[in-house]
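Accompanying notes for the structure given below.
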Amino acid sequence: MSYPTFLTLRSVAFCLCATAAWSQQTTPAPLSAPAIIQPGAPGTSNKTLSKAAATAGEAPKTPSKADVDFMQGMIMHHNQAVEMTELLKTRTKDPEVMELGKKIDVSQSDEMRWMKQWLTDRGFPISADPMAGMDMKGDMKGMDMSMPMMPGMLTSAQMDALRKASGPEFDHLFLTGMIQHHTGALQMVKDLFANPGAGQDPQLFDFASDVDNTQQAEIDIMRHMLKERQ
């Protein structure tokens, strides 16, 4: 899940040394320094950085409040998606829906573990909720509903309907509900990058960008699956 944001100094040094060796042999006009590209946030253009700016970018960034809120909120958001996929074991016989659900379960369970570790490593709790010590996995109805719902999360009524459904009815509710859920995750990423100073931590930047790309692709797949089942 970690993608290179900047060229490493080692790579820059190698390029500069290679340029110097070549110039000693041929004495052409001086070559410009290699470009260092910083990928932009989803929907924004890339930036060309100076060597000094790239070097400064390697230093650890102190997470902003928006960064921490995003991670804590995304853990709760992912938890509901995993709860939804657990219903597949007894509610569907559609192999494609089952396979999609398994992929979502594995990826989002892994991402929850990673997000919890990211917060712990930086000295933050895994949730802003004082009841965070309780096992989050399971019945969302047991959570403190005074907490703000993350964008796209299913309501208690929607989750109840999903639990009671089976067969094609369940498949339809699962796909439409997960599309709603994924769309909310995309909004959370958009909101994160809209905050000045947020998303500067390279690992968080890579993770949020990956969420944006992966969940948009899964939305497209689920929309196609719905059309096939009409």
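Please treat every number below as a calculation from the coordinates, not as lab data. Just so it is clear, the model here is predicted, and its values are computed rather than measured. Glycine also receives a Cβ, built like all others from the backbone with ideal geometry; neighbour counts cover every protein chain displayed.
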Between ARG163 and ALA217, the FRET efficiency computed from the C-beta separation at R0 = 22 Å comes out, to the nearest 0.05, as 0.20
Using each residue's phi in segment 158-165, evaluate 6.51 cos²θ - 1.76 cosθ + 1.60 at θ = phi - 60° and report the 3J(HN,Hα) Karplus result to the nearest Hz, with x for Gly and Pro.
5, 5, 4, 5, 5, 5, 7, 7
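Express in nm, to one decimal, how much length is gained between THR183 and GLU96 on full extension, taking 0.36 nm for each residue of separation and deducting their alpha carbon distance.
Contour length minus Cα-Cα distance gives 29.3 nm.
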Inter-centroid distance (Cα atoms) of segment 85-105 relative to segment 192-210, Å
31
So for ILE221, ILE104, ILE179, fewest C-beta neighbours within 10 Å to most, what's the order?
ILE221, ILE179, ILE104
Assuming 0.36 nm per residue, please report the length gained on full extension of the stretch PHE124 to LYS190 beyond their Cα-Cα distance.
21.5 nm
Using the structure shown, list the pairs from LYS103/LYS227; LYS164/LYS190; LYS89/LYS190 with a Cα-Cα distance above 23 Å, or answer none.
LYS164/LYS190; LYS89/LYS190
Distance in nm between pseudo-label sites at THR62 and GLU228 (7 Å out along the Cβ direction from Cα)
5.1
Subtract the Cα-Cα distance of TRP114 and HIS172 from 0.36 nm times their separation in residues, and report this length gain in nm to one decimal.
17.8 nm
Starting with the highest mean, order 150-161, 202-213 by the number of other Cβ atoms within 10 Å, averaged over the residues of each peptide.
202-213, 150-161
Calculate the FRET efficiency for GLU86 and GLN200 from the Cβ-Cβ distance with a Förster distance of 30 Å, rounded to the nearest 0.05.
0.25
Going by how many other Cβ atoms sit within 10 Å of their own, how do PHE174, PHE193 line up, fewest first?
PHE193, PHE174
